[in-house]
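Notes for the one structure printed next.
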Amino acid sequence: MPELPEVETFKRYLDATALHQEIEKVEIRSELLLEDTRVQELQDTLQGRSFRSTRRHGKYLFVELEGDGWLVLHFGMSGRLKYFRDMTQDPPYDRFLVTFGNGYHLAYDAARKLGEIEVIHDWEAFIEEKELGPDVLDPDFDLETFLEILEQRRGMIKPALMDQQLMAGIGNVYSDEILFQAHIHPRTKIDQLDEKTRTVIDCIVQEVLRTAIEHQATPDEFPDSYLIPHRDPEGMCPLCGGEIERVKVSGCTAYYCPNRQGKDPRERS
Ligand SMILES: [Zn+2]
């Protein structure tokens, strides 16, 4: 599922390709995508205008329209963007296709569960309505903010990192990477982490997300010490060579290295 690094990569891709060109046509190939926005409204809002700028908050991408309004993109389980000229390059699960005056197209492609596409007037109001927490790469999201959030939260660390209303951007995959880098078992409770450890986690959150963005969120290009490229049922730990194990945490499957991250804290006496 696209998390902050993927969505930031889509943002940079859109910035580099699809800004400032007149939108000639908008085709919706899956109405299920549309949250609160009818097909006609989306077409009427976009056609004849252009994309002016973008911003990202957590896993949401906001595309500013020339004049007024924003197109909101959420990528669901597998969404991605593709900009291309020749329709033979149209991706296989194209759900939403914008055609520009210059003959190029921007497709929103999603093989699995759909995300969201809608037009809104005010991105800040949207964030408030969704009750999203601060974006974890926002300059204002500092150590103090992170410690305060953890102070108010009970339960395990992994679901706290993934809770978009506490902090926006991290999902199942990157929370596994963060805890792997921090030597912390995914079932560890927040109250078992001292302040020094919480401070280390904050640094690692920043480092992991920035590193992933630097590598265009492409796991094959991540540092050799990263878990993500090995995060599958047959995966081996890149650091100790041991088997990567899986455990359920709040309905998600977490991957971890027992040698590095210890035993399930519930089994410790
Ligand atoms: Zn290991």
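Given a 1.4 angstrom probe, I'd like the percentage of the accessible area of the chain that is carbon and sulfur, rounded to a whole number. Provide the component values of the computation, followed by the final result.
On the way: 5800 of 13070 Å².
Carbon and sulfur atoms account for 44 percent of the accessible area of the chain.
Of the listed pairs 25/82; 130/263; 59/263; 11/196; 130/158; 158/263, which have alpha-carbon separations greater than 27 Å here? Each step should come with its number before you reach the end.
On the way: 25/82 16 Å; 130/263 36 Å; 59/263 31 Å; 11/196 34 Å; 130/158 21 Å; 158/263 15 Å.
Flagged as over cut-off: 130/263; 59/263; 11/196.
Taking the Cα centre of segment 35-192 as origin and charging only Cβ (+1 Lys, Arg; -1 Asp, Glu), how large is the dipole, in debye to the nearest 20? All intermediate terms of the calculation are to be shown ahead of the outcome.
Working: 18 positive and 29 negative charges, 165 e Å.
Rounded to the nearest 20 debye, it is 800 debye.
Among 259, 235, 225, whose Cα lies farthest out toward the positive end of the dipole of segment 220-269, if unit charges sit on the beta carbon of Lys, Arg (+1) and Asp, Glu (-1)?
My answer, from the dipole projection, is 259.
For residue 125, put the label point 7 Å out on the Cα→Cβ axis and report which residues of segment 39-57 keep their amide N under 18 Å from it.
Under 18 Å, as judged by backbone N against the label point of residue 125, lie 41-42, 45-46 of segment 39-57.
What is segment 1-115's relative contact order, in percent, from Cα pairs under 8 angstrom and six or more apart in sequence? All intermediate terms of the calculation are to be shown ahead of the outcome.
Working: 223 pairs, mean separation 35.1, N = 115.
For segment 1-115, the relative contact order is 31 percent.
Per residue, how large is the accessible surface of the chain? Use a 1.4 angstrom probe and give square angstrom.
On the way: 13070 Å² over 269 residues.
Using a 1.4 Å probe on heavy atoms only, each residue of the chain averages 49 Å².
Over the Cα atoms of segment 198-252, what radius of gyration and what Dmax do you get, in Å?
Using the Cα atoms of segment 198-252, the pair Rg, Dmax is 12.7, 32 Å.
Counting other C-beta atoms within 10 Å, and keeping those with at most 16, which DSSP coil trypsin sites (Lys or Arg not before Pro) do you find in segment 32-92?
Values: sites: 38, 49, 52, 55, 56, 59, 80, 82, 85; in loops: 38, 49, 59, 85.
Of the trypsin sites (Lys or Arg not before Pro), the ones in loops of segment 32-92 whose Cβ has at most 16 other Cβ atoms within 10 Å are 38, 49, 85.
Using just the helices of the chain, give the 222 nm mean residue ellipticity in deg cm²/dmol: DSSP H runs with n ≥ 4 each add -39,500 (n - 2.57), and the total is spread over all residues, rounded to 500.
On the way: 8 runs with 79 residues, N = 269.
Calculated at 222 nm, the ellipticity per residue is -8500 deg cm²/dmol.
With a cut-off of 20 Å, note down the residues of segment 157-195 whose backbone N falls inside the zone around a label point 7 Å from the Cα of residue 266 toward its beta carbon.
Only 157-163, 172, 176, 179-180, 184-193 fall inside the zone, counting backbone N under 20 Å.
The values are calculated or read from the model by the stated rules, or taken from the named source; none is laboratory data. On a predicted model such as this, the values are computed, not experimentally measured, just so you know. So basically every Cβ, Gly included, is an ideal-geometry build from the backbone, and we count neighbours across all protein chains shown. Side chains included, ligands, DNA and RNA excluded: accessible areas come from the protein's heavy atoms. Shrake-Rupley method; radii C 1.70, N 1.55, O 1.52, S 1.80 Å.
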